[in-house]
Amino acid sequence: MSREQPSSAALARFFVRAASHMVPSGNRREWMAEWNAELCHVCRLRAGDPVQFSLGAFQDAFWLRSDRLRFRTRAVRARGSAVGCLLSLGMLAACGLLACLFLPGARRALSAETYRDPGNLVIISSDGYAGTQLPSISMADYREWKTDTSRLFTQLAFYRPVTGSVSLDGNRVVKLSMALASDNLPRILESSAWKARPADGGRRQLFVRRSSWSADFQSDPGLVGKTVSVEGEPAVIAGIVPDDQWRLPGGMKALLIEDDRQLGALPGTARGFAIARLRHSVFATDRKGWCSIFEERSGAVLQFECISFAYIFRQPISLFFFALLLAIICLPATTALRLGDYPEREGRLRGAINFRRWMFLLAKSVLVVLIVGFWSIALAYAFAAVGSSVSLCIQMGTSFPALLFAFRWTLHDQRGRCPVCLRLLSNPARVGQPSCNFLAWCGTEWICRSGHGVLHIPELPTCWFSTQRWLCLDASWASLFPADAALHGS
Amino acid sequence: MEARLSHTAAMVLQAIHAGYVYGFGVMEVTGLPSGTVYPAMRRLERDGLILSKWEQQSIADAAQRPPRKYYRLTRMGKSTLEAAAKRYPLLERMIPQQPETERV
């Protein structure tokens with residue numbers, strides 16, 4: 001016996017250790033300590049066979065493992081709850097909003113209008129809306145308008161995107177995409193960020209975009225006021241403009257302000273962008289954001305479009321609402337709008353329950369619209385500028401199908417929920433045969449886990465059973481359902 | 001709502017109530033194997049009918065053994081046991097109270 005005891009104790013400890021591998025890792029240490037302590041007690045008292053005692057550890061470990069599995073299953077089931085559904089959608093919407101806030105392009109797309117009175121600040125294009133993103137106005141046109149369009153515009157400015165090298169301290173050269181701009185451009189924009197310093201001895205002024213200041217000038221704190229050489233000519237760094245204030249088309253990193261004499265050196269065929277401020281009295285309907293100028297030149301009538309910055313800034317939101325409208329119109333063509341028949345039997349579908357059900361549908365719809373809205377804007381404007389045709393195509397191409405899919409899912413999800421507790425129905429059972437459809441009922445039955453009712457979905461819609469039908473279960477069915485049914489019940 | 005206990009669970013609960021606070025003690029007094037008693041105690045603890053605690057290290061050191069885990073009834077456990085006693089009238093006679101002198 002005395003020789004048997006140590007060997008059986010060692011074997012028992014081995015069994016306990018082996019069984020411990022079945023225990024969930026979070027509980028393992030404590031579980032081992034308890035079993036080892038009890039085993040030690042059994043061995044000391046010689047109260048029983050340690051090996052036989054330790055074999056129980058396997059059952060104990062197995063129970064803990066299966067209980068964890070049951071817990072996970074319950075957690076998965078809880079996902080079918082209305083609150084869980086709204087929380088998930090809310091989280092997706094919040095993530096979308098965060099994506100919009102963190103991606104600079106998307107943040108600009110959602111930000112308020114940057115320049116003062118953007119309804120009267122227009123970009124002139126000779127190629128419709130597409131021309132607002134490409135240089136479409138020739139220098140010759142600009143010169144002509146400057147003298148004879150004072151009745152249309154209070155101010156007119158011009159800039160031409162070029163690539164130039166900026167030499168700093170004589171040795172460091174930075175290659176920048178910049179715009180050669182007329183000196184009245186900062187005044188037209190009327191933004192504090194674009195305030196130019198008084199011209200210093202006829203030197204040109206260079207405004208640098210903040211992102212370029214960080215990337216190309218290593219966030220040099222003393223950059224403003226320095227004299228640099230742009231393509232061999234001296235220029236003073238006049239300011240660093242925040243990216244949010246930099247909404248001019250052309251994708252430039254810097255703006256070189258030149259006076260009329262310097263700008264006059266450009267050939268007449270050089271193309272650029274023309275920005276103007278409209279006279280209120282001339283364009284009473286400027287709020288629509290788009291107007292045309294017709295000009296007769298050498299016997300031919302030329303048409304120029306004036307597209308307001310307000311119109312361009314509103315594009316992301318306007319386009320999204322257009323996609324939303326389109327999706328709502330197209331929805332009936334892709335899915336049935338009816339949610340099914342929910343008869344108010346035995347007073348169970350009372351007003352409050354019905355109200356909650358419709359509010360849940362409304363909340364889901366609002367959340368999916370927000371999700372699609374935020375994510376489509378984040379996707380479209382993360383890498384493309386506001387107003388560019390690429391961003392418009394991406395936004396329209398993503399938001400319309402996504403909204404259509406989201407609305408379909410919203411309706412599908414609503415149909416698959418118990419109208420009382422709003423949890424997803426479960427345990428689908430096929431009943432009947434399609435061949436007997438006209439003789440007997442055939443379709444799928446879903447049941448509420450809390451015992452509120454059964455949903456009948458016909459296999460083939462008929463004139464007497466055209467849509468899914470909800471059947472309320474009365475109290476006599478309660479014994480078949482778990483006791484927590486009352487928690488989710490009416 | 002009070003949980004309905006199986007006979008085994010009721011026996012384990014009664015044993016703990018009677019003063020057999022360690023797993024092995026419950027095994028001895030109920031005659032149930034370790035593979036039944038420990039999972040039953042886990043289930044009772046999960047359902048909030050009993051609570052487990054580790055005994056103080058000083059007590060274990062004095063007895064020259066590792067500290068053991070002991071169990072005691074919660075308020076809900078006591079009320080559940082009262083309900084179970086009505087259902088299983090012989091429970092109290094099967095597992096009488098442990099004499100004070102033998103209590104650990």
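Read the figures in this text as sums done on the coordinates, not as results from a lab. Just so you know, these numbers come straight off a predicted model, no measurement behind them. We place every Cβ from the backbone using ideal geometry, glycine too, and count neighbours over all the protein chains shown.
Can you work out D for the range A:426-488 in µm² s⁻¹ from Stokes-Einstein, where Rh is the Kirkwood radius over C-alpha pairs, the temperature is 25 °C and the viscosity is 0.890 mPa s?
192 µm²/s
Using DSSP to call loops (not H, G, I, E or B), can you name the chymotrypsin sites (Phe, Trp or Tyr not before Pro) in the range A:432-480 whose Cβ has at most 14 other Cβ atoms within 10 angstrom?
The qualifying sites are A:Phe438, A:Trp464.
Given Cα pairs under 8 Å that are at least 6 residues apart, what percent is the relative contact order of chain A?
16 percent
Give me the extension gain from A:Gln52 to A:Val162: residue separation times 0.36 nm, minus the current Cα-Cα distance, reported in nm with one decimal.
Full extension from A:Gln52 to A:Val162 adds 30.8 nm.
If r is the Cβ-Cβ distance from A:Asp244 to A:Asn354 and R0 is 60 Å, what FRET efficiency results, to the nearest 0.05?
0.80
Enter the mean number of other protein chain beta carbons within 10 Å of the beta carbon of each residue in A:41-47, as an integer.
For this peptide, the per-residue mean of nearby foreign Cβ atoms is 3.
Could you tell me how far the Cα centroid of the range A:93-171 sits from the Cα centroid of the range B:49-94, in Å?
Answer, in whole Å: 78.
Sort A:Ser212, B:Ser34, A:Ser25, A:Ser426 so that the residue with the fewest other Cβ atoms within 10 Å of its own Cβ comes first and the one with the most comes last.
In increasing order of surrounding Cβ atoms, one gets A:Ser25, A:Ser426, A:Ser212, B:Ser34.
For chain A, which DSSP H helices look membrane-span-like by this rule: Cα extent along the axis of 20 Å or more and mean Kyte-Doolittle of at least 0.5?
Sorted by number, the helices that extend far enough and score high enough are A:82-102, A:309-334, A:351-381.
FRET efficiency for A:Thr149 and A:Met91, Cβ-Cβ distance as r, R0 = 60 Å, nearest 0.05?
Once rounded, the FRET efficiency stands at 0.65.
Among A:Val454, A:Ala179, A:Leu404, flag the residue with its Cα farthest along the positive direction of the charge dipole of the protein assembly as shown, charges on Cβ as +1 for Lys/Arg and -1 for Asp/Glu.
A:Val454
Using Cβ counts within 10 Å as a stand-in for footprinting exposure, how do A:His41, A:His452, A:His21 rank, fewest first?
A:His21, A:His41, A:His452
Could you give P(r) for the range A:11-142, binned at 5 Å from zero, as whole percent values over all Cα-Cα pairs?
2, 8, 10, 9, 7, 6, 6, 6, 5, 5, 5, 4, 4, 4, 4, 4, 3, 3, 2, 1, 0, 0
How are the alpha carbon pair distances in the range B:7-96 distributed across 10 Å bins from zero to the largest one, expressed in percent?
With a bin width of 10 Å, the distribution comes to 18, 49, 26, 7, 0.
Please compute, for peptide A:60-69, the average count of beta-carbon atoms on other protein chains lying within 10 Å of each residue's beta-carbon.
Neighbouring Cβ atoms belonging to other protein chains average 3 per residue here.
Loop-only chymotrypsin sites (Phe, Trp or Tyr not before Pro) in the range A:356-410, please: DSSP not H, G, I, E or B, and at most 13 other Cβ atoms within 10 Å.
Counting only loop positions with at most 13 other Cβ atoms within 10 Å, the chymotrypsin sites (Phe, Trp or Tyr not before Pro) in the range A:356-410 are A:Phe383.
Just order A:55-67, B:18-30 by mean Cβ neighbour count inside 10 Å, highest at the front, would you?
The densest-packed peptide leads the list: B:18-30, A:55-67.
Considering only lysines 8 or more places apart in sequence, or on different chains, count the pairs in the protein assembly as shown whose C-alpha atoms sit under 28 Å apart.
Here the count comes out as 13.
With each label point set 7 Å from Cα along the Cα-Cβ vector, what nm distance links A:Phe322 and A:Asp67?
6.1 nm
State the extension gain, in nm to one decimal, for the chain segment bounded by A:Cys330 and A:Val431, taking 0.36 nm per residue of separation less the distance between their alpha-carbons.
Between A:Cys330 and A:Val431, full extension yields an extra 33.0 nm.
By how many nm would the segment from B:Arg87 to B:Gln56 lengthen if fully extended, with 0.36 nm per residue of separation less the alpha-carbon distance?
7.5 nm is the gain from fully extending B:Arg87 to B:Gln56.
Count, for each residue of B:34-44, the Cβ atoms from other chains sitting within 10 Å of its Cβ, then give me the mean as a whole number.
6
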